[in-house]
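What follows draws every value from the coordinates through simple rules; no lab data is involved. The structure presented is a predicted model; accordingly, all values stated were derived computationally and were not measured. Here the Cβ positions follow ideal geometry from the backbone for every residue, glycine too, while neighbour counts run over all protein chains shown.
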Amino acid sequence: MADIEKKWYVLRAITGKEAKVKEYIELDMRNHGYEKYVSQVLIPTKKTEAIVRNKRVVKEVNVLPGYVLVEAALFGEIPHMLRFTPNVLGFLGGTDKPIPLRPNEINRLLGVDVEEENTEEVVLADYMEGETIKITDGPFAGFVGTIEEISADRKKLKVSVKIFGRVTPLELGLGQVVRE
């Protein structure tokens, strides 16, 4: 029998109930025999130190409040079981077709040091200074601006955008802009 390919997904949970969600999913895995479809349930945490009543205390703090990471193969009843676990609000990325995390995203969240492999094709700017562009991604999406400067490696643009009547300089990546 071939090994089932599992991917990492993010479940949105009620903030503060992440541990209960993990407990419910692990209980369902054992009770219904879903171990071959759901292999890991994680809550990203980090250790922090605090001083309480003049004593140093080490606490585990949730890095992503309201989110639970699940490594699963979404076959049959598995998406339904995960989505309708108590205290779960749904999958991050939509309910129709949940979007798995990319390997570099999950490695960063888990703190795994992997040599960066540039599997993505490097796109260099073919823009010119003074050219008008439209921002497509980020908090300034929809704004139109003028390219003031192109970085030496031709991967970033310095753009001037007029916001509330004031010219505001922004530094944007190539994936965030298109020609106007």
Can you give me the distance in nm between label points at LYS156 and VAL144, each placed 7 Å from the Cα along the Cα-to-Cβ direction?
2.7 nm
Restricting the calculation to Cα positions, tell me the Rg (one decimal) and the Dmax (whole number) of the range 7-110 in Å.
15.1, 54
Relative contact order of the chain, defined on C-alpha pairs under 8 angstrom at six or more residues apart (%):
19 percent
Which FRET efficiency, nearest 0.05, do VAL167 and ASP126 yield, Cβ-Cβ r, R0 41 Å?
0.95
Under the helix-only model (-39500 (n - 2.57) for each DSSP H run of 4 or more, divided by the residues of the chain), the mean residue ellipticity at 222 nm, to 500 deg cm²/dmol, is -4500 deg cm²/dmol
Ranked packing of 9-15, 76-82, 158-164, most packed first, by mean Cβ within 10 Å:
9-15, 76-82, 158-164
Rounded to the nearest 10 degrees, the helix 18-32 long axis (Cα) sits at an angle to the longest Cα principal axis of the chain of 50 degrees
Percent RCO, i.e. relative contact order, over the range 7-110, from Cα pairs under 8 Å lying at least 6 residues apart:
43 percent
Could you tell me which of VAL57, ALA19, PHE84 has its Cα farthest along the dipole of the chain towards the positive end, charges placed at Cβ (Lys, Arg +1; Asp, Glu -1), taken about the Cα centre?
VAL57
Potential extension, ASN107-GLU49 segment - 0.36 nm per residue separation minus Cα distance:
18.4 nm
Applying 1/(1 + (r/R0)^6) with R0 = 30 Å to the Cβ-Cβ distance of ILE99 and LEU42, what FRET efficiency is obtained, to the nearest 0.05?
0.95
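What's the local net charge at GLU5, with K and R +1, D and E -1, over the other residues with C-beta under 15 Å away?
Summing Lys/Arg as +1 and Asp/Glu as -1 gives +2.
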Give, rounded to the nearest 20 debye, the magnitude of the charge dipole that the chain has about its Cα centre when Lys and Arg contribute +1 at Cβ and Asp and Glu contribute -1 at Cβ.
1100 debye
Taking every alpha carbon pair in the chain, what does the distance histogram look like in 5 angstrom bins from 0, in percent?
1, 7, 12, 12, 11, 10, 11, 12, 10, 7, 4, 1, 0
Once GLU5 and GLU35 are pulled to full extension, the length gained, defined as 0.36 nm per residue separation minus their Cα-Cα distance, is 9.5 nm
